[in-house]
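The values are calculated or read from the model by the stated rules, or taken from the named source; none is laboratory data. Owing to the predicted nature of the structure, the values given are computational and were not obtained by experimental measurement. Here Cβ is always computed from backbone atoms with ideal geometry, including for glycine, and neighbour counts include all displayed protein chains. Heavy atoms of the whole protein, side chains included, go into the accessibility calculation; ligands, DNA and RNA do not. Shrake-Rupley method; radii C 1.70, N 1.55, O 1.52, S 1.80 Å.
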Amino acid sequence: MLEVRSIQKSFGGTPVLRDVSLTVAKGDVVAIVGPSGSGKTTLLRCLNFLETADGGEMTFDGETFRFGHVAKRDIARIRRKTAFVFQSYNLFRNKTALQNVTEGLIVARKVPRARAEETGMRMLEKVGMADRRDAYPSQLSGGQQQRVAIARALATDPEIIYFDEPTSALDPELTGEVLAVMRQLADEGMTMLVVTHEMSFARNVSNRVVFMENGVVVEAAPAREFFDHPREARTRAFLRTFGARADMGAD
Amino acid sequence: MNERLWELLTDSFWQILIPGLTMTIPLTVISFALAMVIAVVVALFQFANIQGLKQVARFYIWVIRGTPLLVQLFLVFYGLPDIGIVFDPFPAAVIVFSINEDAYCAETMRAALEAVPVGQIEAGRCVGMSCLQIMRRIVLPQAFRTAFPPLSNSLIAMVKDTSLASNITVTEMLMTTRQIISRTYETLPLYCVVGVIYLLFSTVLTKLQRVGEKRLSSYGAQKE
């Protein structure tokens with residue numbers, strides 16, 4: 001459903017993505033891992049056109065686009081079929097939890113208010129936030145905000161959800177509640193592309209893992225194979241620093 | 001205090017308050033409303049980084065902020081007639097006050113717009129909203145919240161600045177006070193009276209500001 005070929009991106013002459021290719025099939029949960037500064041977040045942002053990639057192509061839902069040559073209309077169309085969950089949640093600060101979830105339906109998709117609110121409440125229930133429907137983001141904890149953000153992503157019924165380090169700003173306890181919601185989505189067959197530092201999530205929830213470093217994909221493999229039999233020396237070194245072996249029996 | 005003076009003070013209080021209600025307040029409200037509308041547009045030109053329009057906005061703010069309000073009033077009311085453009089006192093005052101106030105409010109709004117985190121805009125794009133929708137529903141409401149206290153400040157300053165309009169023959173409160181003084185020669189008490197009335201107006205606005213801020217803060221003390 002999503003195929004990226006040779007995507008490239010530099011910031012002020014410094015290459016951040018060099019020829020990254022990636023395939024996500026329907027129902028896949030792909031974890032992108034790697035050290036900070038490896039280009040993971042930039043990759044995700046380019047896929048949703050928050051950054052403009054310098055080169056490469058992407059096939060999404062059967063249509064092929066050349067990065068840097070995508071019409072505004074097409075960007076809007078692609079965005080309506082995708083959703084994005086940010087590291088810093090980015091809930092609309094002037095909207096309640098429910099309004100955050102319904103905004104994209106009512107404003108961008110012209111769904112009647114009553115039906116949008118019905119959908120919104122269903123999504124808030126799904127992430128366990130229905131009782132805080134009228135709370136503003138500033139009145140919620142980080143974990144609660146991120147769960148509302150996930151409900152907002154779900155509300156528009158996307159074909160794929162991009163997660164950009166969704167738990168990096170949270171303490172371990174709050175991380176757990178967000179990961180639980182993501183695991184539930186994975187079980188329901190949602191297609192997800194997740195940039196993460198949570199090795200236990202990559203190992204136990206994702207079915208494929210992509211390891212990036214310095215703007216290239218070092219290794220991409222099914223999750224089990226990636227953790228149990230990493231092929232590349234760099235991957236092994238990375239997993240060691242994370243102490244990923246300690247996670248093996250966890251969860 | 002002698003009775004004659006007391007009577008003069010109470011009489012003149014009402015005599016001065018009436019032009020306050022019929023001149024000072026309308027002049028302030030109309031000018032400020034106009035200023036706000038243009039200020040948002042001028043601020044958006046800069047925020048959206050529209051070349052050309054942005055430079056025009058910067059030039060306009062540079063000129064207006066860099067010249068005295070009184071000079072601007074004289075220029076429009078006494079100067080422009082030389083080239084055949086004649087305004088009545090009140091419209092001339094409205095034009096100058098709104099243009100002048102606008103330059104300050106535009107800067108306040110620009111700062112408030114820039115204070116909205118870029119993540120708010122990105123989130124809007126990701127849920128499929130258009131630029132206009134993001135501006136109208138997400139960015140501007142948040143910017144207004146940030147701008148509200150400094151804008152209230154400008155409004156209160158403006159009420160007092162309207163006294164300058166007496167210089168172009170608008171019969172507002174100060175003009176009326178001067179007329180009473182020229183009849184009665186009670187200079188000190190009468191300037192005190194007009195001062196007290198300005199203070200009353202400012203006090204009401206300060207209270208309103210507090211109520212407004214409480215209303216707006218319902219979506220929370222802005223963290224971060």
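Are any residues in the range B:186-205 farther than 11 Å from B:ILE16 by Cα, assigned to a helix (DSSP H, G or I) and open to solvent by less than 50 Å² (accessible area, probe 1.4 Å), and if so, which ones?
Of everything in the range B:186-205, those that are farther than 11 Å from B:ILE16 by Cα, assigned to a helix (DSSP H, G or I) and open to solvent by less than 50 Å² (accessible area, probe 1.4 Å) turn out to be B:PRO189, B:PHE201, B:SER202, B:LEU205.
Out of the residues in the range B:183-209 that are out of contact with any helix residue (DSSP H, G or I) (no Cβ under 9 Å at 6 or more places or on another chain) and closer than 22 Å to B:LEU21 by Cα, which is farthest from the other protein chains (Cβ to nearest Cβ)?
Going through the qualifying residues, I end up with B:GLY195.
Identify all residues within the range B:92-130 that are among the acidic types (Asp, Glu) and within 14 Å of another protein chain (Cβ to nearest Cβ); write none if there are none.
B:GLU122
Taking the condition of being open to solvent by less than 30 Å² (accessible area, probe 1.4 Å), without any contact (Cβ under 8 Å) to a residue 12 or more places away in the chain and away from every other protein chain (no Cβ under 14 Å), how many residues in the range A:105-163 meet it?
1
Output the residues belonging to the range A:186-205 that are assigned to a loop (DSSP other than H, G, I, E, B), open to solvent by less than 10 Å² (accessible area, probe 1.4 Å) and at pLDDT below 95.
A:THR196
Collect the residues in the range A:89-101 that are crowded, with 24+ Cβ neighbours inside 10 Å and among the β-branched types (Val, Ile, Thr), keeping them in residue-number order.
If the condition is that a residue be crowded, with 24+ Cβ neighbours inside 10 Å and among the β-branched types (Val, Ile, Thr), then A:VAL101 is the only one that fits.
Between a residue in the range A:197-212 that is under 14 Å from A:GLU165 (Cα atoms) and among the polar types (S, T, N, Q) and any residue that is in a helix (DSSP H, G or I) and open to solvent by 20 Å² or more (accessible area, probe 1.4 Å), which pairs come within a Cβ distance under 6 Å, given they are 6 or more apart or on different chains?
Final answer for the pair search is A:SER200/A:ASP247.
If you check B:GLY128, B:GLY124, which single one turns out to be touching a helix residue (DSSP H, G or I) at 6+ places or on another chain (Cβ under 6 Å) and assigned to a loop (DSSP other than H, G, I, E, B)?
Of B:GLY128, B:GLY124, the one residue that is touching a helix residue (DSSP H, G or I) at 6+ places or on another chain (Cβ under 6 Å) and assigned to a loop (DSSP other than H, G, I, E, B) is B:GLY128.
If B:THR171 passes every condition in (1) within 14 Å of chain A (Cβ to nearest Cβ); (2) outside any helix (DSSP H, G or I); (3) of a type outside the set (Asp, Glu) but one, which one does it miss?
(1)
Give the number of residues within the range A:165-185 that are in a helix (DSSP H, G or I) and open to solvent by less than 20 Å² (accessible area, probe 1.4 Å).
5
Taking the condition in contact with a Cys (Cβ under 9 Å, 6 or more places away or on another chain) and part of a helix (DSSP H, G or I), does B:ALA39 pass?
In short, yes.
Being at the interface with chain B (Cβ under 9 Å from one of its Cβ atoms) and more than 26 Å from A:LYS40 (Cα to Cα) is the filter here, so list the residues in the range A:88-99 that pass it.
Matches in the range A:88-99: A:ARG93, A:ASN94, A:LYS95, A:THR96.
Of the residues B:PRO89, B:PRO141, B:PRO150, which single one is within 24 Å of the chain's Cα centre (by Cα) and within 14 Å of another protein chain (Cβ to nearest Cβ)?
B:PRO141
Determine if the range A:71-81 includes at least one residue that is open to solvent by less than 20 Å² (accessible area, probe 1.4 Å) and away from every other protein chain (no Cβ under 14 Å).
No, because not a single residue in the range A:71-81 is open to solvent by less than 20 Å² (accessible area, probe 1.4 Å) and away from every other protein chain (no Cβ under 14 Å).
Is it true that B:PHE59 is away from chain A (no Cβ under 14 Å), among the aromatic types (Phe, Trp, Tyr), without any contact (Cβ under 8 Å) to a residue 12 or more places away in the chain and in a helix (DSSP H, G or I)?
In short, yes.
Pick from A:GLY34, A:GLY55: which is in contact with an Asp or Glu (Cβ under 7 Å, 6 or more places away or on another chain), at pLDDT 90 or above and more than 11 Å from every other protein chain (Cβ to nearest Cβ)?
So the residue among A:GLY34, A:GLY55 that is in contact with an Asp or Glu (Cβ under 7 Å, 6 or more places away or on another chain), at pLDDT 90 or above and more than 11 Å from every other protein chain (Cβ to nearest Cβ) is A:GLY34.
What number goes with the only condition from (1) closer than 15 Å to A:ALA220 by Cβ; (2) surrounded by 19 or more Cβ atoms within 10 Å (Cβ to Cβ) that A:ASP19 does not pass?
Only one criterion is unmet by A:ASP19, namely (2).
Go through (1) surrounded by fewer than 20 Cβ atoms within 10 Å (Cβ to Cβ); (2) β-branched (Val, Ile, Thr); (3) touching a strand residue (DSSP E or B) at 6+ places or on another chain (Cβ under 6 Å); (4) at the interface with another protein chain (Cβ under 10 Å from one of its Cβ atoms) for A:VAL85 and report which single condition fails.
Answer for A:VAL85: the failing condition is (1).
What residue, of B:LEU132, B:LEU140, B:LEU155, B:LEU151, is without any contact (Cβ under 8 Å) to a residue 60 or more places away in the chain, out of contact with any strand residue (DSSP E or B) (no Cβ under 9 Å at 6 or more places or on another chain) and open to solvent by 10 Å² or more (accessible area, probe 1.4 Å)?
B:LEU132
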